[in-house]
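Here the structure comes first, spelled out in structure tokens, and everything after it is commentary.
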Amino acid sequence: MLTLEDVAVVRGGTRVLDGVSCTFAAGRCTAVAGPSGAGKSTLLRLLDRLEEPTSGRVLLHDRPLPSYDVLEVRRRVGLVQQAPVLLADTVLADLRVGRAALAPDEALELLDRVGLADQPLDRATASLSGGEAQRLCLARALVVGPEVLLLDEPTSALDAVAAQAVERVVRALVQDGLTAVLVSHDLRQASRLADDVVVLRGGRVEETGPAADSRYLAGAS
Amino acid sequence: MSPSVPSWYGVAASVVLVLVAYAVVVREGLGLGREVLVSAVRAAVQLLAVGALLLLLFRHTGLPGALAWVAAMVVLAGRVAGGRAKGLPGATRVATLGIGAGVAATVGLLLVARVIDTSGRVVVPVGGMVVTGAMQGASLTLQRIRDEAASGRRQVEARLALGLGSREAFAPHLRTALRTALIPAVDGTKVVGVISLPGATVGLLLAGVDPLTAIRYQVVVMYMLLGAAAVAAVVAGRLALRELFDDAHRLRA
């Protein structure tokens, strides 16, 4: 579904990514793993066109990303950031940033999908716990109906219990057919969630394939 | 023109006040003695030069000369406001265009509606006040936009990631910037006459104009300052957004 072909990103004279080629298959969760500074987050931002490769191509359904309208790309490829970013005062208003005409029924359905079914729509976002806020961000990313969800260390700012809740949601979404790309420095989490893995080191691909066969992930268990 | 205007002898006598200031800073060891003298001389030279230039302008060039003078002030104000928003791409150009729009709209309206006279004696000082108001509006807007773009980067990117365009993604931040920029002009309009007696009124009163006439002028001045600040802030803000984002709706680094 999403493919990188010989992608390089050079920033301030440093090659953040260098000759990266890999594929993110539809309906699967692919973990992008590797040590800090390996270029994981940059790779993720390329998939949403929040950054542009210096050379090489990024393809969505075999078409280069720049051939799509960039706003359409971002609706088809959603992003959840590292720490929860709330954009409005109430739960419903926050979800409506994605789609102003979102009906309350639809909002409740989305909250149900992320395990927040019991939350009133007029609850103040400021009163949400970290885990609840991150799941609200997941629900907001789903508002625009993406095919792919990019998750940039989505649990790194959360405690263990909250992280488990987010993981459950991600697993359920992938089971429902969504494609997920998960950047994580937590190898155990990557092993638990991912079907496939792309391991980066120093901006280059060190390993790709099924997560179950990964030597890098095996090092964690 | 009026007995209340100081003679050249009076101006010379006021030099005593500079000496008082000099004596104070030297006595207190503030290390500002030289600066006090230099700034006093500088002010006198600058004002004399401006006075001579205005004399030339008023007598010989008419409206085109006055407008050229105002345009030069816009360019200068654009540099000042742009300098305040260092770090924002194209700040000086954006500030100059914003201030220019605010001044053109306000002074243009005043001239077309014949609220003010077309003589240089009127257009230059009125233009100067409008440029100052517009500069404040544009400067505050751009500074705040720069700060919002830095501190609100994650929020902006979260909106962009939802497929919102750059304008929509930055809209709440632009609103904050414009509000911040316009508060001084709005507050100034609120308290005028009660707390502050602005320069235009003071000048007219000193020149012997009766208070009701001076106030009439001041009402026009306040409204035009409000209008100039609003137009300059909005135009500078909108133009700044174009500089802040690239064609692919991405915040420039």
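Some points to look at:
- For segment B:134-163, a drop of 40 Å² or more in accessible area on going from the chain alone to the assembled protein chains (1.4 Å probe) is found at B:154, B:157, B:158, B:159, B:161, B:162, B:163.
- Per residue accessible area in Å² of segment B:62-244, where ligands, DNA and RNA are left out and the probe is 1.4 Å: 47
- Rough spin-label spacing in nm, given labels placed 7 Å along Cα→Cβ, for residue B:32 and residue A:168: 6.6
- Apportionment of accessible area to carbon and sulfur, segment B:62-244, percent (1.4 Å): 65
- Förster-model FRET efficiency, 22 Å R0, residue A:117 and residue A:157, C-beta, rounded to 0.05: 0.45
- Summed buried accessible area for B+A [probe radius 1.4 Å, Å², rounded to 100]: 1600
- Cleavage-rule hits, trypsin sites (Lys or Arg not before Pro), segment B:203-253, DSSP coil, Cβ neighbours within 10 Å at most 15: B:252
- What the Cβ-Cβ distance of residue A:36 and residue A:105 gives, at R0 = 35 Å and to the nearest 0.05, is a FRET efficiency of 0.25.
- Taking amide hydrogens as placed 1.01 Å from N in the peptide plane, the amide H of residue A:205 sits under 5 Å from those of A:21, each at least 5 positions away in sequence or on another chain.
- Between A:183, A:85, A:114, the residue with the greatest mean-square fluctuation in the GNM of chain A (Cα pairs under 10 Å linked by springs) is A:85.
- Annotation for segment B:84-117: trypsin sites (Lys or Arg not before Pro) lying in DSSP loop with at most 15 further Cβ atoms inside 10 Å of their Cβ are B:86, B:114.
- Dipole size of segment A:101-221 about its Cα centre, with +1 on Lys/Arg Cβ and -1 on Asp/Glu Cβ: approximately 360 debye, rounded to the nearest 20.
- GNM remark for chain B: springs join alpha carbons under 10 Å apart, and the peak mean-square fluctuation among B:151, B:139, B:166 falls on B:151.
- Whole-Hz couplings from phi, Karplus 6.51/-1.76/1.60, listed for segment A:187-203; x for Gly and Pro: 5, 5, 4, 4, 4, 5, 9, 8, 8, 10, 9, 10, 9, 10, 8, x, x
- Ranked packing of A:157-170, A:193-206, most packed first, by mean Cβ within 10 Å: A:193-206, A:157-170
- 12 Å cut-off, amide nitrogen to a point 7 angstrom out along residue A:26 Cα→Cβ, residues in segment A:109-142: none
- Within the listed set A:81, A:134, A:119, the residue fluctuating most in the Gaussian network model of chain A (springs between alpha-carbon atoms under 10 angstrom) is A:119.
- Accessible area of residue A:129 (1.4 Å probe, protein heavy atoms only, ligands and nucleic acids ignored): about 60 Å².
- Amide proton proximity set for residue A:33, modelled H, under 5 Å, gap of 5+: A:198, A:199, A:200
- Projected label distance in nm at residue B:213 and residue A:129, using a 7 Å step from Cα toward the beta-carbon: 7.5
- Using the Cβ-Cβ distance between residue B:39 and residue B:197 with R0 = 25 Å, the FRET efficiency computed as 1/(1 + (r/R0)^6) comes to roughly 0.50.
- For segment A:2-214, the solvent-accessible area with a 1.4 angstrom probe is 41 square angstrom per residue.
- Helical contribution to [θ] at 222 nm, DSSP H n ≥ 4, -39,500 (n - 2.57), averaged over the protein assembly as shown, rounded to 500: -19000 deg cm²/dmol
- Across segment B:42-52, coupling constants 3J(HN,Hα) worked out from phi with the 6.51/-1.76/1.60 Karplus curve, θ = phi - 60°, read 4, 4, 5, 5, 4, 5, 4, 4, 5, x, 5 Hz, and Gly and Pro carry x.
The values are calculated or read from the model by the stated rules, or taken from the named source; none is laboratory data. These figures come from a predicted structure and were not determined experimentally. Backbone-built Cβ (ideal geometry, glycine too); neighbour counts: all protein chains shown. We work out accessible area using only protein heavy atoms, side chains counted, and drop any ligands, DNA or RNA first. Shrake-Rupley method; radii C 1.70, N 1.55, O 1.52, S 1.80 Å.
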